[in-house]
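> Mind looking over this structure? Questions follow.
The values are calculated or read from the model by the stated rules, or taken from the named source; none is laboratory data. These numbers were taken from a predicted model, which means no experiment stands behind them. Don't worry about glycine lacking a Cβ; one is built from the backbone with ideal geometry, like all the others, and counts go over all protein chains shown.
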């Protein structure tokens, strides 16, 4: 039986739902934006087909129960504004990583925090995970704020971990325990 099952989670302003085929255009808009992609571990997309292939991989990982990838929709309009994901599950230790991204036009409105808080609650209560981890570029102050407000603790730094677009960058590691909440 797969560990992660597709779910729909509701918040006051958002719906976290399984990805759909028609989400490719929104993913392309996000992942082709150089400012959005500034701190990601891969270069901005240049073609819609890249978003379709990426979406296919995400949907396959979700369908197999390997990952839990949720689209983030505005409850009021149904507009997709980002994604929030649990991945890299290590079931014997009840540990997984969390990742998130929201389109730039929706930054600084609390949507990412709301989605992350909801997915953390699902991870610790419904899934009974013991630990969540996040890996971000230490220069990414926005993601660091989201994680710290959610209770994550910066636990370490991996120097020169990534090379993206010819630029070398570090990784800041964050952790959150179910017992921390």
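> Taking the residues in the stretch 53-76 that are in a helix (DSSP H, G or I) and touching a residue at least 40 places away in the same chain (Cβ under 8 Å) as candidates, determine which candidate is nearest to residue 30 (Cα to Cα).
Only one residue tops the list, namely 59.
> Identify the residue in the stretch 161-181 that is at pLDDT 95 or above and in a strand (DSSP E or B) and, among all such residues, is surrounded by the fewest Cβ atoms within 10 Å (Cβ to Cβ). Walk me through how you get there before you give the answer.
Going through the stretch 161-181, the residues at pLDDT 95 or above turn out to be 172-179.
With in a strand (DSSP E or B) added as a condition, the list becomes 172-177.
Working: 172: 20, 173: 18, 174: 23, 175: 17, 176: 22, 177: 15.
Selected residue: 177.
> So is residue 100 crowded, with 16+ Cβ neighbours inside 10 Å, within 12 Å of the chain's Cα centre (by Cα) and under 18 Å from residue 35 (Cα atoms) or not?
When the stated conditions are applied, residue 100 passes them.
> A further question follows. Output the qualifying pairs, or none if there are none: Cβ atoms under 7 angstrom, residues six or more apart or on different chains, first residue in the stretch 1-15 and in a loop (DSSP other than H, G, I, E, B), second residue surrounded by fewer than 13 Cβ atoms within 10 Å (Cβ to Cβ).
Close Cβ pairs (under 7 Å, with a partner that is surrounded by fewer than 13 Cβ atoms within 10 Å (Cβ to Cβ)) amount to 2/64; 3/91; 13/75.
> Identify all residues within the stretch 74-92 that are buried (at least 21 other Cβ atoms within 10 Å of the Cβ) and more than 21 Å from residue 131 (Cβ to Cβ); write none if there are none.
Correct list: 80, 81, 82, 83.
> Of (1) in a loop (DSSP other than H, G, I, E, B); (2) closer than 21 Å to residue 54 by Cα, residue 85 satisfies all except one. Which?
Of the numbered conditions (1) in a loop (DSSP other than H, G, I, E, B); (2) closer than 21 Å to residue 54 by Cα, the odd one out for residue 85 is (1).
> Being touching a helix residue (DSSP H, G or I) at 6+ places or on another chain (Cβ under 6 Å), touching a residue at least 12 places away in the same chain (Cβ under 8 Å) and outside any strand (DSSP E or B) is true for just one of 118, 112. Which residue is that? Can you show your working first?
Numbers: 118 fails: touching a helix residue (DSSP H, G or I) at 6+ places or on another chain (Cβ under 6 Å).
After applying the criteria, what remains is 112.
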